[in-house]
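See structure below.
The values are calculated or read from the model by the stated rules, or taken from the named source; none is laboratory data. Computed from a prediction, not measured in an experiment: that's the story for all the values here. For neighbour counting, all protein chains shown are included, and Cβ atoms are generated from backbone atoms with ideal geometry for every residue, glycine included. Note: areas computed on protein heavy atoms with side chains; ligands, DNA, RNA excluded. Shrake-Rupley method; radii C 1.70, N 1.55, O 1.52, S 1.80 Å.
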Amino acid sequence: MIFRPAPLRAAAALAAVFVAARVLYRALFNGAGTGTPVLLNLPPLRLPAPYAHVVFLGPVSAPGLWEAVLSALPIAGMILAFGLLNAWVDVSRGFVKLARGGPLQGIARMLVVAWAALPALSDAAASVRLAFRLRGERFGPRALVPILERTLEHAARVAAALELRGFGGRGGDGKGPDGGTPLVVRGAEFRVADTCIRVDSFAPPRGSVAVVTGPTGSGKSTVLRGLAGLLSHVDGGDISGTVQVGGLDRAAAPPRETARLVGVVLQNPRAGFATSRVRDEIALALELRGMAPAGAKDRVLDVAERIGVTALLDRAVTTLSAGEATLVAIAAAVVDHPQLLLVDEPLADLDATARTRVISVLDALAHAEGVCVVVAEHRAHTLVPVADSWWTIDGASLVPGAAPSAPAHEAVGAAANAVPDHPAVLTATNLSVHRDGKPLVRDASLALHRGEIVALVGPNGAGKSSLLVALALGTERGRSAGTDGGTVDGGRVTLVPDASDDLFTRDTVAGELQAAERRLQRRRNGARFESGSAAARLTRLRGAARMPIGHEHPRDLSAGERRILAIALQTMDAPDVLLIDEPTRGLDPSARAAVSSALCAAAEDGAAVLIATHDLDFVHGLGARILPMRDGVAPATEAPPLPEPFVPRPRPALPAPPSPVVREPSGTGDGQKQRRPRMHRAAELTVLAAANLIALAAFCWPLLAAALPQDATAALPYAALAIAPVAAVAVVVSLDGSVRSAHTVALLGVLAAVGSAVRVASTGVGGVEAVFILLILAGRAFGPRFGLLLGAATIALSSTLWGGIGPWTPFQIFACGWVGAGAGLLPRRVRGRAELWMLAGYCVVSSYLFGLLLNLWFWPFAVGAGTGISYVPGAPLGTNLSSFLLYSLLTSTAGWDTLRAVTTVIGIAVVGRAVLASLRRVKPVSGSVPGPGGQAGHSVWAHAPSASARKRRQLTP
């Protein structure tokens, strides 16, 4: 165990506040006047009915204050004890252990996903903050929209990763009736929305590498997702014809049931990691199928050594480079020795060294270990030395293709390094940038000239992105400014960052263009200009490429179209310098040509264009001047050393193909776990209702005491503290079956991470509960069950994050859960502006009820005995009720609860429409896909946009 002082410090502060509050209550309500000497002789004031039993003020004596302090010490000591417990116990590791099995596996796995999503959420917030600064906008409530979009995209990727690793599977041995044939496709069609890809025959053998090529949007990812089972069981698509993996029918077997047969590496693997450590990520598939920890540890060490990632095992996944993340994703995909490995765009955003290493690993897996490897890749020429067969998408069909030839660009590149002789529009001298004490850029000097295109090239980690940000912010609003060292001088500079989607904050392309025009008008001090200029700018940049500019969501565009839209938005004000980071990530030749035309058009308009890229083919095709960068130095004076060839260690021996025997998937042998049946719905509803009623009784125990015998009154507070956590456990156990879907787990997890971050960030800001905005909107979008779980998960995760777990936690869990569930119970047919008005009214009601409930159970402990507003055992209900209402009015209702209601209503008004639209675009619908044997399967994503929008999102990176 590792001691963490932060929870103990927080507990000490909370205990001190509690003691001070107890003393204040005694002084204000005539409870600190016993004995002498009298320190303050305040006149007592008896309040009018119905508070006639309450005396305000009164004398304050030293013994009375000391007695108040002593009366608060037991509860203050309990707070310190729980702080010490939180300091020593790592609850997050407990989530990992619970997720390996048992009655809380689904909830615990969701909390693991949430914990792992916190660093990604921090990165998303930082990236969106930078994007807003680059747009010239203030980072405010509207920033929640792109942060939430990134969060939901992360949820979709994590959901796919969990499904592919076997989450919710039945625990079979994973072997089909034909273990020697990894993949057979005959006369098949892969359909999603209004797009259909036909495959007449595709059966790559064991021990081979098959490469699938084709332009962006042609259907490469659709085919791979169809083979993986995601298309028909997750994406809402359909498969017909013969598609078998290991002898199992792909249409009938969801990905979770073939996790041991098929390993999958999706695009951008860093965004789909479901754990926080490399070791846990590789072991995830083994944990999900119930392998013993000792065996899983040995297996992880073995595969890490084979792939060459042993040194990364104890690293956080957020610290991995793009190449390291790809290797870790491959290790996680092959840890269970699959027959088939599907890899989507593994070489995107990798430098030459990382590309060589990934290709070597894929080569060894196929030709040394006998795995059937299928790769979809744009940079196909780099795979020529290892590929055994070539396939391409032609006319909506997968057909045999030919190996591509390496592009010729040497002649163009040789003539492209001449420096223009006219004056520079941007000059940087000896620029240095540090972050957290680590040098990112050092001694960088460059000059950019009007109308030229310059390419900043170098390996991963060279500092290219950091240099672009320093250049963009160093000349913000045209001012000369220094960074950590050196100077940047020049005209207006704009940057299209690597995460260019963060620049989009509206829900339509037309909305983005109109917002860009309004920003430009503000920059020009309200000067009028021709409407439609943004659309005209986009039309010029896109050239011959066709793209929608109407009511399509910006994130539903293809990768190339999103890049061109971002360039158009950032060049509305005719900047002197355009900086763009990784302009060709994940683009096929036609999409790269469109982006190339856009960059050339910007240069023709007089801007100096600087791109940071690994794509030397694209650079030479542009005729760009090359500026090498290495180890933070630009221009680099030394050539990078040639990488040492990496030779993966193969497995000791290839296993012989098993005999074609049909195996039952429900075995309970070693490494298999029996799937726990879900509680019957009637029983689940009964348990839920009973647990919530018991919890409500625990909240209201001070008022229920009047109905109980006097002998039981003394034990009632302790009974309430005991039954609240029991009720919480009952609710969680009954709802655990609701989170068997990988998509529900992922969505709950990442939204709980958002809620926890918001809650922790607003701690100490009295009454500002911004987390209510998320709970209410998510409950409204996904229903009461989801809202209840999200509220509970948010409290559990945030309490773990800051070490605030204690007897109060179950009460907070129920109160926040009821806020989310109540939003889901509102009338479903209300839409549009009326829906926002309804939610605003609910915000006010729920804010006050939330405060009253949390005050009610804690009121006797907070005030203690001996004051005019104290809880009096055995007193009439009216007396205790009036005392409580006065206590709540003075301490919460008139202040914190009112502020909570106001801020939540403002949040709903500002971002409610956009956030609801984002949530409804990825709404999980339970039971939409039939599972094996005709039973209802797990949830799939239901998308609100048009069929064409869903097709674009599915087919493009």
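Side notes on the structure shown:
- Filter result for Glu552 (of a type in the set (D, E, K, R), over 16 Å from Leu468 (Cα atoms) and either free of Cβ contacts under 8 Å to residues at least 12 places away in the same chain or surrounded by fewer than 18 Cβ atoms within 10 Å (Cβ to Cβ) (or both)): no
- Tyr871 vs. criteria over 23 Å from Arg900 (Cα atoms) and crowded, with 19+ Cβ neighbours inside 10 Å: yes
- Number of the condition not met by Ile773 [criteria: (1) assigned to a helix (DSSP H, G or I); (2) at pLDDT below 90]: (2)
- In the stretch 231-282, the residues that are of a type in the set (D, E, K, R), over 30 Å from Asp123 (Cβ atoms) and part of a strand (DSSP E or B): Asp238, Asp249
- Checked across the stretch 225-234, the condition of being crowded, with 24+ Cβ neighbours inside 10 Å, small (Gly, Ala, Ser) and over 27 Å from His367 (Cβ atoms) holds for at least one residue.
- One residue from Ala411, Ala380 being surrounded by 20 or more Cβ atoms within 10 Å (Cβ to Cβ), out of contact with any helix residue (DSSP H, G or I) (no Cβ under 6 Å at 6 or more places or on another chain), modelled with pLDDT under 85 and within 21 Å of Ala593 (Cβ to Cβ): Ala380
A quick yes/no check of all residues on (1) closer than 17 Å to Gln812 by Cβ; (2) under 19 Å from the mean Cα position of the chain (by Cα); (3) buried (at least 16 other Cβ atoms within 10 Å of the Cβ); (4) at pLDDT 85 or above:
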| residue | (1), (2), (3), (4) |
| --- | --- |
| Pro677 | no, no, no, no |
| His680 | no, no, no, no |
| Ala705 | no, no, yes, no |
| Ser741 | no, yes, yes, no |
| Leu751 | no, yes, yes, yes |
| Gly755 | yes, yes, yes, yes |
| Val758 | yes, yes, yes, no |
| Ala778 | no, yes, yes, yes |
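- Summed over the stretch 793-819, the residues that are in a helix (DSSP H, G or I), among the small types (Gly, Ala, Ser) and either modelled with pLDDT of 95 or more or more than 19 Å from Leu121 (Cβ to Cβ) (or both) give a count of 2.
- Meets criteria (crowded, with 22+ Cβ neighbours inside 10 Å and at pLDDT below 85) for Gly463: yes
- At least 1 residues being in contact with a His (Cβ under 9 Å, 6 or more places away or on another chain) and open to solvent by 10 Å² or more (accessible area, probe 1.4 Å) is the threshold, and among the strands (runs of 3 or more DSSP E) wholly inside the stretch 556-640 those reaching it are 625-628.
- The listed residues are Ser892, Ser799, Ser888, and the only one of them that is under 22 Å from Arg109 (Cβ atoms) and either without any contact (Cβ under 8 Å) to a residue 60 or more places away in the chain or acidic (Asp, Glu) (or both) turns out to be Ser799.
- Residue match in the stretch 33-43 (condition: at pLDDT below 85 and in contact with a Lys or Arg (Cβ under 7 Å, 6 or more places away or on another chain)): no
- Candidate set from the stretch 1-46 (those that are under 18 Å from Thr867 (Cα atoms), touching a residue at least 60 places away in the same chain (Cβ under 8 Å) and part of a loop (DSSP other than H, G, I, E, B)); member that is most open to solvent (accessible area, probe 1.4 Å): Asn30
- For the stretch 302-316, filtering for residues that are open to solvent by 10 Å² or more (accessible area, probe 1.4 Å) and either in contact with a Phe, Trp or Tyr (Cβ under 8 Å, 6 or more places away or on another chain) or assigned to a helix (DSSP H, G or I) (or both) leaves 6.
- Cross-chain or 6+ apart pairs with Cβ under 7 Å, the stretch 55-74 first and in contact (Cβ under 8 Å) with a residue 60 or more places away in the chain, then in a helix (DSSP H, G or I) and of a type in the set (Val, Ile, Thr): Ala68/Val23; Ala72/Val19
- Residue satisfying all of: in the stretch 268-289; more than 17 Å from the chain's Cα centre (by Cα) and of a type in the set (Asp, Glu); nearest to Val328 (Cα to Cα) among these: Asp280
- From Thr867, Thr879, Thr893, residue being at pLDDT below 90, of a type in the set (Val, Ile, Thr) and within 24 Å of Gly820 (Cα to Cα): Thr893
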